[in-house]
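Asker: Below is the structure I would like to discuss, written out as structure tokens.
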């Protein structure tokens with residue numbers, strides 16, 4: 001049966017690998033036939049569809065969910081600099097990204113839509129007559145909706161209005177216009193609410209490598225913060241924090257696969273690396289420059305005695321100069337897997353709730369949440385009564401706690417309308433206000449005449 005399951009996994013991977021925004025125009029009948037007749041034959045074969053999706057999300061190091069959403073937004077913000085001349089790194093750092101840059105098209109845009117198409121295929125396949133048990137159907141639908149919501153969150157925060165594709169209908173998708181941001185967010189929220197109802201509080205397999213209902217609540221809390229729906233953000237945060245399922249780990253163990261702070265992780269599939277972040281950020285030895293150094297503005301933003309600087313930053317002294325680098329993940333290479341790619345964790349939920357509470361003028365409870373994170377870092381409690389000062393303190397805590405993780409700093413600067421005021425002086429003449437969005441890939445506009453380019457490109 002193992003060989004038979006592998007055959008089905010291979011079939012679905014071939015199907016999805018063939019699909020991109022360009023490929024939506026192809027006739028998908030043969031692909032649907034494979035999925036309908038084989039993948040959804042029974043519970044065991046149906047599970048290969050969702051397993052194949054998670055595997056694909058971690059197959060190519062440096063693509064979309066496997067490092068790209070950490071590396072490139074960190075360069076675009078004020079977190080990382082390249083230590084050697086590199087046209088791609090310079091394009092992101094200078095916020096001067098060519099619309100025909102292959103990384104934007106292939107590594108980010110296309111792979112994001114590949115995963116969305118994979119999720120759509122699962123959802124449509126489960127609507128057809130099949131041999132999958134009702135309980136597993138519910139679970140797989142919930143997981144597919146969660147992944148689709150996650151991908152759309154990142155696509156819309158990188159590119160702005162993006163085509164909202166919720167089917168595998170190739171003729172319609174080939175002519176899809178850009179969908180207004182609020183409508184994309186409405187779909188994200190709807191997917192997460194439905195997924196939360198479909199998923200159980202327990203994880204479906206060992207580890208936290210497939211989502212449960214609290215994964216949906218954690219992502220919803222973030223979405224509601226971005227939408228400034230503060231009471232909903234607090235309520236979703238409460239579901240996660242009050243569940244009793246998660247606890248803050250010591251700083252040294254936060255990014256371990258076994259971390260109880262983890263809400264959702266992606267399991268590595270490479271035989272040689274644990275995470276792309278570990279492989280690219282950690283220098284080859286103590287005498288080598290890191291490929292990417294932590295920007296001095298970030299390195300200097302840590303408070304004295306903040307243990308995160310000691311534990312989550314590494315450093316090499318080269319020719320009398322200190323080069324700091326992100327060291328949240330400690331494994332550069334190795335076949336033994338001790339670290340997974342952590343997508344959602346409890347510390348962010350506390351900070352989301354803190355922001356939601358202060359925006360509702362609940363200063364005391366917001367301070368409690370903020371100080372929980374500070375205490376873990378070895379810092380003293382803050383005592384702030386002014387709303388604006390507390391919001392600034394929360395923003396600072398987000399900057400330090402979530403640095404070089406999944407684009408948090410880049411997105412926070414944009415959603416709080418601080419990108420130009422902070423990045424303008426830092427990036428100099430290379431910065432313009434329209435840089436808050438990446439360019440729609442030029443080739444995608446050629447393929448689809450209904451797509452339009454972002455301003456400034």
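The values are calculated or read from the model by the stated rules, or taken from the named source; none is laboratory data. Since we're looking at a predicted model, the values are computed, not measured. Here Cβ is always computed from backbone atoms with ideal geometry, including for glycine, and neighbour counts include all displayed protein chains.
Asker: Evaluate region 79-92: report whether one residue or more is surrounded by 24 or more Cβ atoms within 10 Å (Cβ to Cβ), in contact (Cβ under 8 Å) with a residue 40 or more places away in the chain, in contact with a helix residue (DSSP H, G or I) (Cβ under 9 Å, 6 or more places away or on another chain) and within 30 Å of residue 399 (Cβ to Cβ).
Answerer: Checking region 79-92: at least one residue is surrounded by 24 or more Cβ atoms within 10 Å (Cβ to Cβ), in contact (Cβ under 8 Å) with a residue 40 or more places away in the chain, in contact with a helix residue (DSSP H, G or I) (Cβ under 9 Å, 6 or more places away or on another chain) and within 30 Å of residue 399 (Cβ to Cβ).
Asker: Residue by residue through region 219-259, note down the ones that are in contact with a helix residue (DSSP H, G or I) (Cβ under 9 Å, 6 or more places away or on another chain) and surrounded by fewer than 16 Cβ atoms within 10 Å (Cβ to Cβ).
Answerer: 228, 231, 238, 243, 247, 250, 252
Asker: Separate question: Quick test for you: out of 170, 152, pick the one residue that is closer than 30 Å to residue 45 by Cβ, in contact with a helix residue (DSSP H, G or I) (Cβ under 8 Å, 6 or more places away or on another chain) and modelled with pLDDT under 95.
Answerer: Within the list 170, 152, the selection yields 170.
Asker: Within region 98-116, is there a residue that is closer than 28 Å to residue 215 by Cβ, touching a residue at least 24 places away in the same chain (Cβ under 8 Å) and not in a helix (DSSP H, G or I)?
Answerer: There is no residue in region 98-116 that is closer than 28 Å to residue 215 by Cβ, touching a residue at least 24 places away in the same chain (Cβ under 8 Å) and not in a helix (DSSP H, G or I).
Asker: Something else now. Of all residues in region 441-457, count the ones that are touching a helix residue (DSSP H, G or I) at 6+ places or on another chain (Cβ under 6 Å) and not in a helix (DSSP H, G or I).
Answerer: 4
Asker: Can you tell me which condition residue 41 does not meet? The list is (1) over 22 Å from the mean Cα position of the chain (by Cα); (2) modelled with pLDDT of 95 or more; (3) outside any helix (DSSP H, G or I), and all the others hold.
Answerer: Status for residue 41: all satisfied but (2).
Asker: Continuing with this model, one more query. Which ranges mark the strands (runs of 3 or more DSSP E) fully within region 287-395 that have 1 or more residues being surrounded by fewer than 19 Cβ atoms within 10 Å (Cβ to Cβ)?
Answerer: Working: elements: 292-294, 313-318, 321-326, 341-345.
Hits in region 287-395: 313-318, 321-326.
Asker: Still on this model: Among the residues of region 260-286, what is the count of those that are surrounded by fewer than 17 Cβ atoms within 10 Å (Cβ to Cβ), touching a residue at least 24 places away in the same chain (Cβ under 8 Å) and out of contact with any helix residue (DSSP H, G or I) (no Cβ under 7 Å at 6 or more places or on another chain)? Reasoning before the result, please.
Answerer: First pass over region 260-286, keeping only residues surrounded by fewer than 17 Cβ atoms within 10 Å (Cβ to Cβ): 260, 269, 271-272, 284-286.
Next, only the ones that are touching a residue at least 24 places away in the same chain (Cβ under 8 Å) stay: 269, 271-272, 284, 286.
Subsequent filtering for residues that are out of contact with any helix residue (DSSP H, G or I) (no Cβ under 7 Å at 6 or more places or on another chain) retains 271-272, 284, 286.
Adding up the residues that qualify gives 4.
Asker: Could you run through region 412-423 and say how many residues are surrounded by 22 or more Cβ atoms within 10 Å (Cβ to Cβ) and closer than 25 Å to residue 368 by Cα?
Answerer: 1
Asker: May I ask you to verify whether residue 185 is within 27 Å of residue 452 (Cβ to Cβ) and either in a loop (DSSP other than H, G, I, E, B) or in contact with a helix residue (DSSP H, G or I) (Cβ under 9 Å, 6 or more places away or on another chain) (or both)? Step through it out loud before you land on a result.
Answerer: Numbers: within 27 Å of residue 452 (Cβ to Cβ): yes; either in a loop (DSSP other than H, G, I, E, B) or in contact with a helix residue (DSSP H, G or I) (Cβ under 9 Å, 6 or more places away or on another chain) (or both): yes.
For residue 185, the condition - within 27 Å of residue 452 (Cβ to Cβ) and either in a loop (DSSP other than H, G, I, E, B) or in contact with a helix residue (DSSP H, G or I) (Cβ under 9 Å, 6 or more places away or on another chain) (or both) - is met.
Asker: On to the next question. Which one is farthest from residue 80 (Cα to Cα), of the residues in region 396-415 that are assigned to a helix (DSSP H, G or I) and under 13 Å from the mean Cα position of the chain (by Cα)?
Answerer: 411
Asker: Would you confirm whether or not region 138-154 contains a residue that is part of a helix (DSSP H, G or I) and farther than 25 Å from residue 240 by Cβ?
Answerer: No, the conditions are met nowhere in region 138-154.
Asker: Follow-up question, since we're still on this one. What do you reckon, is residue 105 at pLDDT 95 or above, surrounded by fewer than 24 Cβ atoms within 10 Å (Cβ to Cβ), more than 22 Å from the chain's Cα centre (by Cα) and under 27 Å from residue 268 (Cα atoms)?
Answerer: So residue 105 does not fit the description; no.
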